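Heads up, the thing below is written out as structure tokens.
Throughout, read-outs are computed from the coordinates displayed, never taken from laboratory work. Predicted model only: the values in this text are computed from it and were never measured. Here the Cβ positions follow ideal geometry from the backbone for every residue, glycine too, while neighbour counts run over all protein chains shown.
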Amino acid sequence: MAQNLQTGDRLRPVDLARGHGLSTQAVRNYEEDGILPAAERTPSGYRVYTPLHAAALRAFLALLPGHGHRTAAAIMRAVNRGAAEEAFRLIDESHAQLLEDRRTLRAVESALRDLASGVAPGPDAPAGRDAPSRPDAPSGHGGPDAPSGHGGTFIGTLAGRLGIRPATLRKWERAGLLRPRRDPLTGYRVYDEADVRDARLAHQLRRGGYPLERIAPLIERVRAAGGLEPLEATLGDWRGRLSARARAMLSGAAELEAYLRERG
């Protein structure tokens, strides 16, 4: 049988597992996945770990909160096969993603401040190109900018307020940013108050250079929060998670450095 106690530098899977609340199977899985260096075997086939494996496990678990399982595992695999530069590249990419997430948060916060203060967006199309085109241009209902009889705003009115082309609003709709209903009598698009809010937020973010595929999830956050005011708490949580990730990356870097020193 395997030795029951730690002897010198010889550690059993349970010795590594118990200090981190893990199962011995989890430790074995980490070794098989390359997250831990390969263990030596006793003549009877039992795994034998060392303080180096303990350092590798500490480094991996410290990397997890800041980088996520997939990247943390890739970092450890790279280190264990001697590809330190590859590990550093993966770490750099995580930091770059964190910075981009911070920039996105600032853009959303800026857009919300603009909406709250009533800042009018600047035009993104030449003057004279904002008239609605068929099939969304109402006729016989008070002109192309007339409000719907069922409440809301037609496409020409909203496009004119934002200083954009109606075609831009249709493009945003196809991308999932807007969800206008259709007037049951005319079939024209009708934008309610929430649609106008989403359009203004989308326009602010587009002016900030954000692509549609990155704006759509943010619009979903606004919808899920039920409006802009409840979103403030969501943004606070988002900000807190980014700070927690940044601190976790620092802790992970310290443990990884200790493991690299242990490896020599």
Distance in nm between Asp33 and Ser110 label points, each 7 Å along Cα→Cβ, equals 3.8 nm
Protection proxy (average C-beta count within 10 Å per residue), highest first, orders 56-63, 87-94 as 56-63, 87-94
To the nearest 0.05, the calculated FRET efficiency linking Glu232 and His95 through their beta-carbon distance, R0 being 41 Å, is 0.90
